[in-house]
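What follows is a short report on a single structure.
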Amino acid sequence: MSKVTLAKALNAGLRKAMDNDPKVLVMGEDVGKLGGVFRITDGLQKDFGEDRVIDSPLAESGIIGTAVGLAMRGYRPVCEIQFDGFVYPAYDQIVSQVAKLHFRTHGKVKMPMVIRIPYGGGIGAVEHHSESPEAQFAHTPGLKVVTCSNPVDGYFMIQQAIASDDPVIFLEPKRQYHADKAELDESATPLPLHASRVAKAGSEVTLIGYGPTVKTCLQAAEAAAGEGRSVEVIDLRTLSPLDLGPTFDSVRRTGRAVVVHEAHTNLGMGAEISARITEQCFYSLEAPVLRVGGFDTPYPPARIEEEYLPDLDRVLDAVDRSLAF
Amino acid sequence: MSKVTLAKALNAGLRKAMDNDPKVLVMGEDVGKLGGVFRITDGLQKDFGEDRVIDSPLAESGIIGTAVGLAMRGYRPVCEIQFDGFVYPAYDQIVSQVAKLHFRTHGKVKMPMVIRIPYGGGIGAVEHHSESPEAQFAHTPGLKVVTCSNPVDGYFMIQQAIASDDPVIFLEPKRQYHADKAELDESATPLPLHASRVAKAGSEVTLIGYGPTVKTCLQAAEAAAGEGRSVEVIDLRTLSPLDLGPTFDSVRRTGRAVVVHEAHTNLGMGAEISARITEQCFYSLEAPVLRVGGFDTPYPPARIEEEYLPDLDRVLDAVDRSLAF
Amino acid sequence: MSLVDPARAGESFIQLLTPEGERVTHPDYAFDVGTADEAEVIRGFYRDMVLTRRIDVEATALQRHGELGIWTQLLGQEAAQIGCGRALRPHDYVFPTYREHGVAYCRGLDPLHILSLFRGVDQGAWDPNAHNFANYTIVIGAQTLHATGYAMGVQRDGAVGTGDPDRDTSVVAFFGDGASSQGDVNESFIFAASYNAPVVFFCQNNQWAISEPIERQSRIPLYQRANGFGFPGVRVDGNDVLAVHAVTQAALQYTREGNGPMLVEAYTYRMGAHTTTDDPTRYRMSEEVEYWKLRDPIARVKAYLVRQGLADQAWFDEVEREADEIGARLRDGCRALPDPNPLSIFDQVYAEQTTELADQRDGFAAYLESFEGAR
Amino acid sequence: MSLVDPARAGESFIQLLTPEGERVTHPDYAFDVGTADEAEVIRGFYRDMVLTRRIDVEATALQRHGELGIWTQLLGQEAAQIGCGRALRPHDYVFPTYREHGVAYCRGLDPLHILSLFRGVDQGAWDPNAHNFANYTIVIGAQTLHATGYAMGVQRDGAVGTGDPDRDTSVVAFFGDGASSQGDVNESFIFAASYNAPVVFFCQNNQWAISEPIERQSRIPLYQRANGFGFPGVRVDGNDVLAVHAVTQAALQYTREGNGPMLVEAYTYRMGAHTTTDDPTRYRMSEEVEYWKLRDPIARVKAYLVRQGLADQAWFDEVEREADEIGARLRDGCRALPDPNPLSIFDQVYAEQTTELADQRDGFAAYLESFEGAR
Ligand SMILES: Cc1ncc(C[n+]2csc(CCOP(=O)(O)OP(=O)(O)O)c2C)c(N)n1
Ligand SMILES: Cc1ncc(C[n+]2csc(CCOP(=O)(O)OP(=O)(O)O)c2C)c(N)n1
Ligand SMILES: [Mg+2]
Ligand SMILES: [Mg+2]
């Protein structure tokens, strides 16, 4: 047992997956010698060689398109997109090929591909380096979409994603890469990949977060506890398929729900979660599901990103508003 | 006054816009001599020349990317994407450039561009020819997204979209191109571009549709009327910004709402509309907002698309379920 | 900025059989059938082309009769497809567009699979590994990257440059003249060149991308595109099955040996409409079509076989009879294709079904049953 | 498959001033300043390069002091940028990447605009029409299509091929060696060639795309990419400001006259890190950097000026003084840049504000005020 960051945990998880299965390949821009701009693939090329850790030409559609062919030849490519905002040149290959080949062929072609995307804001970066594209992928049938909020999940989920025979968009909250360390017991039995979990139990309001906002939600729950309010926190982990069982259970108890994400509020995950909670828990709701998200503007310049991102205060404000209904 | 199809109305609207403003250009694949595969640009190249009606090389990113440059030089490009499923190669230029240039430059660069997309299913086509990509664009700040459901709206809305200094994704329900004719009074005063409208008044359930589903909703309202049920139908027309004023008014009266679209239900427009109705009309709701959409599978082969698409029966079923709450 | 007609201009236009059916030689490429009987092979090509054309004609007719939603005719491109298809070895792998019915035929794919797609019964759901023939790809150019990635896999499997003919493998990426403008196609050139991957980029330049002439896509002959990426490109008379075979064979060998990719431009002509919904009279002159009719890929082989006395009327009749048989089989088979079960779509999205989708399926099944009950 | 070092190999590597500061001639390209005083012009280039380098050094230091979030250093690329920038006419139009600080300087853009971007105050919000210098583009390659479209607009305005030097306009698209792999860049070649648009594609091949060497992107010299698209490409010594100027001038003229696009590859070297967050010791050898230090673009001009007696120490000192002044101005100016008002973002999304967004703004304003009240 040792304490590791999310970055190290992901690196260890990738290494384990490559050790276990010679068909696993890592590919992307600067993933080789440099180990990726966030060092998530650090040392892998040295140990597994250039054939398995592939520096690609600078072309995202090329990365994903060739990964499709590699998968058809029996490989399991793990593609890195350098930053969230650079996934769009590959969007066509992802939504029209990766997502559809299994369906098109009635399962004769499988797409065991993982597309790793460092995502989200809060790192003081320039444009296109702080986006949250999850809703667009979750809206696309044929893709699975997951995100981890902590090192332990990072370690296990990346391996589960690689083991999956379906294509998985694997969203890594880049702000958390080097933020907090956690004890990692590699022998523990992980939750299934497509399961959400109660991160903190509570009884008055259900706070639903994922990826980078889980930490904010937990802090909010703590702050609320200080004021005598009991808040339950759900870490969604899987965005497609959604596992809302624990959320429904929770809302049926609390009657109130607040969804928190960095992506634009309009048509973000919060919209879907709100719609489903309302469909499934209509008679339990004491208040409409509230949403705390990025505003419906492009991601702003770094000097004001902290105002843009859902923070502790905005989450608490929403909790208060929910309770006030 | 004459009776025209949607296809003819759009053609007339384009022609009018080109007549009025020499900066308006039409560009895309096969828009010239052929007049587009749906003939929406029929005859325009003959009358306005190859410099204003531009057949492009076969590359969607190229079409939109060069249109950005043309807009920066003072032109107003109207780009045709041949079919919905072929917009994705241009997705990066649309979401990272077209949508963001105004924001990036604090308004110093305007993007008066229209991206016309024949969309939706029901025409018996092969893969990628029946998609409904509206939610992805509506989720993107900086874009405006509209869709017409009838020839009169087609005629006026295309001109309003071209006149707009913001980029407009203009979704044309291709199934309706040649379906129904309507009287077109070119001298009438149109609704503003970003306004929804009550397509049929009613009192018991609010049915919300747009583009190709408005017709289905109106038929459902009629069928329901036959069974003594009064259904109000809203034609949204504008998907971003959403104009939900008329919807909220309606739901405050009816207490029940059903949203109908062809796009996948998960994270489709219905999710956002449900979330907003619940937020704004919480105490008026007698039932959760229900959604009738495409299923969360890729668009199916043509022989079963009628089962996939929300049809009269599925809409009526949802109306019944809403009333049963 | 207009293209010189290479059929007249010559340079890098490889031809081994003239439109009149005369054999000619080329310094770099020879028609080589190894130990096989040459006349037998050429008769085989003729038969392949006639049967392919018949499949195409039947499918076009089926579309006219409402049995198919649409059909992508290959009329005029038989030599390009058969010449290439017959140069392949079984363990080579093909990534087609949506028009390679002739290649599919060479690979042994039942044409009913293709009709199934265009009828809207499925989306072309054949097993690509059954014949090393990938599924049709409709988004222009996307498959060229798939081919390149597949070839990168071939490299990783050590199946290139070993000298063992049963092991060394090449991958063929088909695309059209219009497709050459797509970012994906150019990126596939870059990846293949960068990794030295064994890909033959096989471009059927049929002069048109729907209504747009080749001049809109390129101001120079397309085979020269390869120059910009550092690998060889050649232009072959795409209506000459012998030349296409010879050039493809050479290209396959070049790539199998580990020299990296190669581009073959088969200069041909789309004699029919783009698809059955297209109306080419809106954008091209009938003289052009007439000009190309004189270059018909099948006629010249027939002329050759007749003049050389390599086949008699009985033999030609037998091929026609075979074609009739195929036609009948397709007509019956097409009409007999069962419509899919709407519920099946829910099961085909993922390898590992999700609870969400299973629930959606159950909900829809119950909904459908409610009608059964009502009846 | 390794690139020959063209600095040694010569072919199509245009050089007019050697690293040692000797003038040499080239059969096709001459340094031509028209009626101006040549020495004056070269001194001007020297000054431009020194000041540009100083801007870059100051910005790097500001980043180290936490005043900028990140900085994209141009160290080593001064000659490529000044040589090109000074060949432009005012009505030409430039589409930069994120590293063309030297070109920005030539166009008259206040460097504080650029610092503003990298400080995170805005996203590079300058008015592109103020200096015919478009906004920095961070998504690799995207701007090459914008440049091509802009040039298509120039054509439609009749501002090409008229022979009137005050009217004929060219558009310069900057991009890097890495960018050459992007679909967008290749599509821009296709569109520009197809429409004969007046674009100079100006590639600064600085040998690296972050950690990836040029060999990953191309197996042949990059300027030859143009061959595949049917327009001319040349490679110039990108560390030789005279050669870059001469070649760019010729390329601009070629495009202005209506001959269509042209590719210029400025063969140079990124002497610093990719950005201030990059650590190049992880992926490249210090010998390589040493090798290129001997080819420093500024040192060779200084050697030339000194040896030819075209500038004395007092003059060099004066340039240094100017650089110091700029440095001081940047340091003060950067720290003084006001943080944006968070509420401003809601007003910048659309030309015509939406009710939705105005409501969102009001809601957020009220929320912020609730804290004001609470204090
Ligand atoms: C990305 C994309 N854009 C547009 C289309 C519509 N489309 C189908 S075929 C075609 C023309 C293709 O021309 P070419 O590549 O020359 O192939 P050909 O049809 O002549 O065989 C077009 C524009 C498409 N299928 N995919
Ligand atoms: C589409 C896209 N993918 C990835 C990146 C991340 N990125 C920024 S700069 C860079 C390397 C660019 O190399 P090159 O084109 O040679 O330009 P240079 O930085 O050397 O000037 C990369 C990969 C990006 N900005 N955009
Ligand atoms: Mg073609
Ligand atoms: Mg570079």
Putting +1 on Lys and Arg Cβ atoms and -1 on Asp and Glu Cβ atoms, find which of C:TYR367, C:THR354, C:THR275 reaches farthest to the positive end of the dipole of the stretch C:264-375. C:THR275
As a check on your grasp of the helix formula, calculate [θ] at 222 nm for the protein assembly as shown: sum -39500 (n - 2.57) over DSSP H runs of n ≥ 4, divide by the residue count, round to the nearest 500. -12000 deg cm²/dmol
So how strong a dipole does the stretch B:2-184 carry about its Cα centre when Lys and Arg Cβ are +1 and Asp and Glu Cβ are -1, to the nearest 20 debye? 480
To the nearest 0.05, how large is the calculated FRET efficiency for C:GLU290 and C:GLN313 if R₀ is 35 Å and r is the Cβ-Cβ distance? 0.80
Based on the Cβ-Cβ distance of D:GLN353 and B:VAL198, what FRET efficiency does E = 1/(1 + (r/R0)^6) give at R0 = 25 Å, to the nearest 0.05? 0.50
Averaged over A:268-274, how many beta carbons belonging to a partner chain fall within 10 Å of each residue's beta carbon? 6
Would you list which lysines come within 22 Å of A:LYS200, measuring only between C-alpha atoms, while excluding same-chain residues fewer than 8 positions from it? A:LYS3, A:LYS181, A:LYS215
Using the basic label-point model (7 angstrom from Cα toward the beta carbon), what is the D:ARG167 to A:ASP249 distance in nanometres? 7.8
May I ask you to work out the translational diffusion coefficient for the stretch D:29-81 at 10 °C, viscosity 1.306 mPa s, via Stokes-Einstein with Rh from the Kirkwood sum over Cα pairs, reported in whole µm²/s? 124
Sparse-neighbourhood loop sites, GluC sites (Glu not before Pro) in the stretch B:217-272 - DSSP loop, at most 14 other Cβ within 10 angstrom: B:GLU227
Pairs of Cα atoms under 8 Å, at least six residues apart: use those to get the relative contact order of chain B, whole percent. 16
Taking a point 7 Å out from Cα toward Cβ as the label site, list the nm distances between A:GLU50 and the same residue in every other copy, smallest first. 4.6
Name the aspartates and glutamates eligible as straight-distance cross-link partners of A:LYS16: C-alpha to C-alpha under 19 Å, and not fewer than 8 places from it in the same chain. A:ASP42, A:ASP47, A:GLU50, A:ASP51, A:GLU80, A:ASP153, A:ASP165, A:GLU172, A:GLU183, A:ASP185, A:GLU186
Let me understand the stretch C:2-336 better: what is its radius of gyration from the alpha carbons, and its Dmax, in angstrom? 18.8, 53
Let me check the size of the protein assembly as shown from its C-alpha atoms; what are the radius of gyration and Dmax in Å? 31.4, 103
Where is the GNM fluctuation largest for chain B (alpha-carbon springs, 10 angstrom cutoff): B:LEU207, B:LEU267, B:LEU14? B:LEU267
For A:LYS108, the lysines lying under 18 Å Cα to Cα, once residues fewer than eight places off in the same chain are dropped, come out as A:LYS100
Inside 10 Å of the C-beta atoms of B:132-140, what's the mean count of C-beta atoms belonging to other chains? 5
May I ask you to order C:345-353, D:349-357, A:52-60 by the average number of other C-beta atoms within 10 Å around their residues, highest value first? A:52-60, C:345-353, D:349-357
Take the alpha carbon atoms of the stretch D:141-194, find their radius of gyration, then divide it by 2.2 N^0.38 Å using N residues; give the quotient. 1.23
Counting only DSSP beta bridges with both partners in the protein assembly as shown, the antiparallel fraction in percent, to the nearest 5, comes to 20
Length-normalised contact order of the stretch A:225-325, Cα under 8 Å, at least 6 apart, in percent, tallies to 28
If you average over every viewing direction, what projected area does the convex hull of the Cα atoms of the stretch D:1-149 give, in nm²? 11.6
Would you mind telling me the antiparallel percentage of the DSSP bridges in chain A, rounded to 5? 20
The stretch D:222-339 shape via C-alpha gyration tensor axes, a/c threshold 1.5: prolate
If each label sits 7 angstrom from Cα along the C-beta direction, how far apart, in nm, is D:ALA299 from its counterparts in the other copies? 7.1
Calculated SAXS-style log₁₀ I(q)/I(0) at q = 0.12, 0.13 Å⁻¹ - the stretch B:2-184, Debye, Cα scatterers: -0.49, -0.59
How would the stretch C:123-234 be classified by its alpha-carbon gyration tensor: rounded, prolate or oblate, with rounded meaning a/c under 1.5 and the a/b versus b/c comparison settling the rest? oblate
Alpha-carbon centroid distance for the pair the stretch B:1-36 / the stretch C:136-181, whole angstrom: 41
Between the residues B:HIS261, B:ALA201, B:LEU184, the Cα farthest towards the positive end of the dipole of chain B, that dipole coming from +1 and -1 charges on the beta-carbon of Lys, Arg, Asp and Glu, is from B:LEU184
Within a 10 angstrom radius of each residue's Cβ in D:151-159, how many Cβ atoms of other chains show up on average? Whole number is fine. 5
Stokes-Einstein D for the stretch B:197-324 (20 °C, 1.002 mPa s, Kirkwood Rh from Cα pairs), in µm²/s, comes to 150
How many times 2.2 N^0.38 Å is the alpha carbon radius of gyration of the stretch C:68-150? 1.03
Note on chain C: contact order normalised by length, alpha-carbon pairs under 8 Å, 6 or more apart, percent, works out to 24
Is any residue of the stretch C:67-105 close enough, with backbone N under 14 Å, to a label point placed 7 angstrom from the Cα of A:LYS108 along the Cα-Cβ axis, and if so, which? C:94-96, C:104-105
Please state the charge dipole magnitude for chain D, taken about the Cα centre, from unit charges on C-beta atoms (+1 on K and R, -1 on D and E), reported in debye and rounded to the nearest 20. 700
Counting only DSSP beta bridges with both residues in the stretch A:197-324, tell me the antiparallel percent, nearest 5. 25
Farthest positive-ward along the stretch A:2-184 dipole, Cα basis, beta-carbon charges - from A:MET72, A:LEU6, A:VAL126: A:MET72
Sort all Cα-Cα distances of the stretch B:171-260 into consecutive 5 angstrom bins from zero, then give the percent of pairs in each bin up to the one containing the longest distance. 3, 13, 22, 23, 19, 12, 6, 0
Tell me, what does the Kirkwood hydrodynamic radius of the stretch A:251-313 come to in angstroms if you use every pair of distinct C-alpha atoms? 12.6
Jot down the per residue volume, in cubic angstrom and as a whole number, of the convex hull over the alpha-carbon atoms of the stretch D:295-367. 168
Could you list the square roots of 5 times each eigenvalue of the Cα gyration tensor of the stretch A:122-219, that is, the equivalent ellipsoid semi-axes, sorted largest first and rounded to whole Å? 20, 20, 16
Determine by what factor the alpha-carbon radius of gyration of chain B differs from 2.2 N^0.38 Å, reporting the quotient. 0.98
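Coordinate-derived values only; no laboratory data. Note that the coordinates shown come from a computational prediction; the quantities given were computed from them, not determined experimentally. Note that we place each Cβ from the backbone using ideal geometry, even for glycine, and neighbour counts take in every protein chain shown.
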